[in-house]
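Taking it in order: structure first as structure tokens, then the write-up.
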Amino acid sequence: MCGWPGPPARPGSRFVGLNRRGPFVWFTTGRIRALRAPAQAPDGAGEFTFDVGILGLPIARWGYRTEPEGERTRVTETWQDLRTGRGSRLTVLLGAVFAGTGPDRRIAVNRAGMRTTLARLAAGFGAVTPPRP
């Protein structure tokens, strides 16, 4: 869930995200890196990519890409860990405290969450093809 400061959303726009994993709840800040509606692209592909941080420190880059496949649309979700460099130890600690996930489990936990998100999208649009592992 996120709060948007006002329309229109565009690259550079900022937002506040409310994150939840089990009993853990925390806020992050986000900034849109790329936003393209499928109708704006010659190949019909859409993109929404954003960076997430906390206390001004980078945490992750998330992305969604849509591509037409005949009568269907393929949705691909991506994640990149940005907890490197200045402040990385603090963001790793905050991730363990607020999200309940240490670095050793982060990839597996995010991959499972991505599968859930894609399955919910597919169910919401009535798709019959489940997301790939």
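How many residues does the range 80-96 contain that are modelled with pLDDT of 75 or more, outside any loop (DSSP other than H, G, I, E, B) and of a type in the set (Ser, Thr, Tyr)?
Summing the residues that are modelled with pLDDT of 75 or more, outside any loop (DSSP other than H, G, I, E, B) and of a type in the set (Ser, Thr, Tyr) in the range 80-96 gives 0.
I want to confirm something. Restricting to the range 107-133 and keeping residues that are surrounded by 12 or more Cβ atoms within 10 Å (Cβ to Cβ) and either touching a helix residue (DSSP H, G or I) at 6+ places or on another chain (Cβ under 7 Å) or among the hydroxyl-bearing types (Ser, Thr, Tyr) (or both), which single residue is modelled with the lowest pLDDT?
131
Determine, yes or no, whether residue 74 is open to solvent by less than 80 Å² (accessible area, probe 1.4 Å) and either farther than 20 Å from residue 10 by Cα or assigned to a loop (DSSP other than H, G, I, E, B) (or both).
yes
For the range 22-37, name all the residues that are touching a strand residue (DSSP E or B) at 6+ places or on another chain (Cβ under 9 Å), open to solvent by less than 60 Å² (accessible area, probe 1.4 Å) and either closer than 21 Å to residue 118 by Cα or free of Cβ contacts under 8 Å to residues at least 40 places away in the same chain (or both).
Across the range 22-37, the qualifying residues are 28, 30, 32, 34, 37.
Only one of 58, 68 is assigned to a strand (DSSP E or B) and open to solvent by less than 60 Å² (accessible area, probe 1.4 Å); which?
Checking each option against the conditions leaves just 58.
Does the range 45-52 include one or more residues that are open to solvent by less than 80 Å² (accessible area, probe 1.4 Å), at pLDDT below 85, over 15 Å from the mean Cα position of the chain (by Cα) and on the phi < 0 side of the Ramachandran plot?
The answer is no; no qualifying residue exists.
Can you name the number of the only condition in (1) at pLDDT below 85; (2) open to solvent by 70 Å² or more (accessible area, probe 1.4 Å) that residue 41 fails?
Among (1) at pLDDT below 85; (2) open to solvent by 70 Å² or more (accessible area, probe 1.4 Å), residue 41 violates only (2).
Looking only at the range 24-69, how many residues end up being closer than 16 Å to residue 88 by Cα and hydrophobic (A, V, I, L, M, F, W, C)?
6
The values are calculated or read from the model by the stated rules, or taken from the named source; none is laboratory data. From a predicted model like this one, the values you see are computed outputs, not experimental measurements. Reconstructed Cβ throughout: ideal geometry from the backbone, glycine too, with neighbour counts over all protein chains shown. All accessible areas refer to the heavy atoms of the entire protein, side chains included, with ligands and DNA or RNA removed. Shrake-Rupley method; radii C 1.70, N 1.55, O 1.52, S 1.80 Å.
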